[in-house]
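Data block below; observations after.
The values are calculated or read from the model by the stated rules, or taken from the named source; none is laboratory data. It should be emphasised that the depicted structure is a prediction, and the values quoted were computed from it without experimental measurement. Virtual Cβ from ideal backbone geometry, glycine too; neighbours counted across all protein chains shown. Ligands, DNA and RNA are stripped out before the accessible areas are found, and what is left, the full protein with its side chains, is counted by its heavy atoms. Shrake-Rupley method; radii C 1.70, N 1.55, O 1.52, S 1.80 Å.
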Amino acid sequence: MKVIPAIDLMDGKVVRLYKGNPDQKTVYSDNPVEVAKKWQSNGADMLHLVDLDATLGRGSNLLTIKKIVEQISIPIQIAGGLRDESTITDVSKICNRVVLGTLAFKDKSMLKKLLKFLGSEKIVISVDHT
């Protein structure tokens, strides 16, 4: 069994959205680096970091993500707002895996290009279904 906790980031904070609504969020911490360190020290096998601001097209938590990456030794996968080749390529340089959602289903030629460039071990495809 692998333990892969998710850390959802919004405005540089660790949050959880209620039913995906950014106006209904619970803030768990103002210090995502410390939350990541806590998960690592408690035995997490990997961290799943989600940039909710990038997902919603209202900003980026990439600086916060980079701080986490610098402080953590376990593998990290990054999700949220990865919609173009440049962003995906840049993010792939700082993590173990990138998580692609809509792009993987809407732009199969881009997915094939990314698979060729990054390799299948670097890409996770995820879909939310309701």
Any chance residue 88 is part of a helix (DSSP H, G or I), open to solvent by less than 50 Å² (accessible area, probe 1.4 Å) and touching an Asp or Glu at 6+ places or on another chain (Cβ under 7 Å)
no
Residue check: is residue 53 outside any loop (DSSP other than H, G, I, E, B) and open to solvent by 80 Å² or more (accessible area, probe 1.4 Å)?
no
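Taking segment 56-66 as the search range and keeping residues that are of a type outside the set (A, V, I, L, M, F, W, C) and crowded, with 21+ Cβ neighbours inside 10 Å, which one is farthest from residue 22 (Cα to Cα)? Steps first, please.
Within segment 56-66, the first condition is being of a type outside the set (A, V, I, L, M, F, W, C), and the residues that meet it are 57-61, 64, 66.
Next, only the ones that are crowded, with 21+ Cβ neighbours inside 10 Å stay: 61, 64.
Details: 61: 15, 64: 19 Å.
Per the criteria, the residue is 64.
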Inter-residue pairs, beta-carbon under 7 Å, first more than 16 Å from residue 6 (Cα to Cα) and in segment 57-83, second among the charged types (D, E, K, R), 6+ apart:
59/53; 60/51; 60/53; 71/37
In the list 35, 99, which residue meets the criterion of being in a helix (DSSP H, G or I), surrounded by 18 or more Cβ atoms within 10 Å (Cβ to Cβ) and out of contact with any helix residue (DSSP H, G or I) (no Cβ under 8 Å at 6 or more places or on another chain)?
35
What are the pairs with Cβ atoms under 8 angstrom where one residue, in segment 94-121, is closer than 15 Å to residue 78 by Cβ and charged (D, E, K, R) and the other, located anywhere, is at pLDDT 95 or above and in a loop (DSSP other than H, G, I, E, B)? Sequence gap at least six, or different chains.
97/75
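Going by the conditions given, is residue 11 open to solvent by 60 Å² or more (accessible area, probe 1.4 Å), out of contact with any Lys or Arg (no Cβ under 8 Å at 6 or more places or on another chain), more than 26 Å from residue 120 (Cβ to Cβ) and acidic (Asp, Glu)? Break it down into steps so the answer makes sense when it comes.
Working: open to solvent by 60 Å² or more (accessible area, probe 1.4 Å): yes; out of contact with any Lys or Arg (no Cβ under 8 Å at 6 or more places or on another chain): yes; more than 26 Å from residue 120 (Cβ to Cβ): yes; acidic (Asp, Glu): yes.
Yes.
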Name the single residue, out of those in segment 102-130 being within 15 Å of the chain's Cα centre (by Cα) and not in a helix (DSSP H, G or I), that is surrounded by the fewest Cβ atoms within 10 Å (Cβ to Cβ).
128
